[in-house]
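K.L.:
Quick one: this structure, given as structure tokens, is what I'll be asking you about.
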Amino acid sequence: MTRRPIIAGNWKMYMLTGPAKELAAALAKQVGRLADRDVVLVPPFTALAAVKEAIAGTNLALGAQNGHAKNEGAFTGEVSMAMLVDAGCRYVVIGHSERRQFFGETNAGCREKIKAAFAAGLTPIYCFGELLAEREAGKTFEVVRRQLEEGLAELDPALAPRLVIAYEPVWAIGTGKTASPAQAQEVHAFIRDWLREHFGAATADALRLQYGGSVKPDNVDELMACPDVDGALVGGASLKADGFARIVQFRS
Ligand code: PEP
């Protein structure tokens, strides 16, 4: 089964609208016509409109870094999934480790957001991974299993194949320490086995698994060569057009 690769660039809390537009325009020029992979730009909320305009008419897609589980309401400072669709998003990142670490997001909260994202017509990118202490204590699979069980507990099996999962070991995010291809593949295979057990072979074969954690132009090829790595969620290295364009055009 060949899964369509999906590379997403998470710009985090970087980029005012001017530089965001420039970066998006440069990427539109360099990799905007690729038809054999999905490429998603995930700017901060304030730059969504500028990036949308810069990538109009290309194959690049727009994503958001977070969204609220409720459709609307008195939730000052929050943005609903419907608002993200309205802003031109097709994807939403859910449960990024920085949201978990700094904003108290939980697996149960992610579960609600995943449901809301699908209900609004977005593709959720559900992120999770173990902390360094958990890995060193030999608890990686236990932690990942819990993140799967709790986050995906109420996922409609009919929607499951469309979900994107980003395995992002927390110790590799923004640290320059990348998981080795063997480490990434081991956890991805575990996730795919779990998916097979809970949603069946067709879903497990179709669902795309991204690796995230210090993906760079010089390590993307070996990571993408792993049989269960179908894409990458890229933070720091997505902020420079040439580097991200090279990541998008991985060779494996
Ligand atoms: C991320 O933001 O999801 C990420 C993986 O960051 P970095 O590539 O900088 O480690």
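Readers should treat all values here as calculations from the given coordinates under stated rules, not as data from a laboratory. On a predicted model such as this, the values are computed, not experimentally measured, just so you know. Glycine gets a Cβ as well: all are built from the backbone with ideal geometry, and neighbour counts include every protein chain shown.
K.L.:
Would you mind working out the magnitude of the charge dipole of the range 6-248 relative to its Cα centre, with +1 at each Lys and Arg C-beta and -1 at each Asp and Glu C-beta, to the nearest 20 Debye? Please report the intermediate quantities before stating the final value.
P.N.:
Details: 25 positive and 29 negative charges, 108 e Å.
The calculation lands at about 520 debye.
K.L.:
Compute the label zone of residue 37 within the range 197-212: residues whose backbone N is under 20 Å from the point 7 Å along Cα-to-Cβ.
P.N.:
Once the point is set 7 Å along Cα→Cβ of residue 37, 206-212 turn out to lie under 20 Å by backbone N, inside the range 197-212.
K.L.:
To the nearest 0.05, what FRET efficiency results for residue 251 and residue 154 with a Förster distance of 45 Å applied to their C-beta separation? Please report the intermediate quantities before stating the final value.
P.N.:
On the way: r = 39 Å, r/R0 = 0.87.
So the FRET efficiency works out to roughly 0.70.
K.L.:
So, one more: At a 10 Å Cβ-Cβ cut-off, how would you order 17, 178, 2, fewest neighbours first?
P.N.:
2, 17, 178
K.L.:
Using the basic label-point model (7 angstrom from Cα toward the beta carbon), what is the residue 180 to residue 162 distance in nanometres?
P.N.:
Going from the residue 180 label point to the residue 162 one covers 3.9 nm.
K.L.:
Now for a different question. At residue 72 and residue 86, where each label point lies 7 Å from the Cα along Cα→Cβ, what is the point-to-point distance in nanometres?
P.N.:
Result: 0.7 nm between the two label points.
K.L.:
What residue among 84, 202, 223 has its Cα farthest toward the positive end of the dipole of the chain, where the charges are +1 on Lys, Arg and -1 on Asp, Glu, each on the Cβ?
P.N.:
The Cα lying farthest towards the positive end belongs to 84.
K.L.:
With the cut-off at 28 Å, tell me which of the pairs 29/115; 12/115; 70/240 have Cα atoms farther apart than that. Please report the intermediate quantities before stating the final value.
P.N.:
Working: 29/115 34 Å; 12/115 23 Å; 70/240 34 Å.
Over 28 Å Cα-Cα: 29/115; 70/240.
K.L.:
Which order results if 102, 199 are arranged by neighbouring Cβ count within 10 Å, fewest first?
P.N.:
Numbers: 102 9, 199 19.
The most exposed by this proxy come first: 102, 199.
K.L.:
Further, regarding this structure: Pop the C-beta distance of residue 13 and residue 196 into the FRET formula with R0 = 30 Å and round what comes out to the nearest 0.05.
P.N.:
Details: r = 37 Å, r/R0 = 1.23.
About 0.25, to the nearest 0.05.
K.L.:
Add +1 for every Lys or Arg and -1 for every Asp or Glu among the other residues with Cβ under 9 Å from the Cβ of residue 62, and state the total.
P.N.:
Details: positive: 52, 90; negative: none.
Result for the local shell: +2.
K.L.:
Report the Cα centroid-to-centroid distance between the range 205-233 and the range 65-94 in angstrom, as an integer.
P.N.:
First find each Cα centre; the distance between them is then 27 Å.
K.L.:
Below 12 Å, Cα to Cα, which aspartates and glutamates can residue 113 reach? Residues fewer than 8 away in the same chain don't count.
P.N.:
By straight Cα distance, residue 113 reaches 105, 154.
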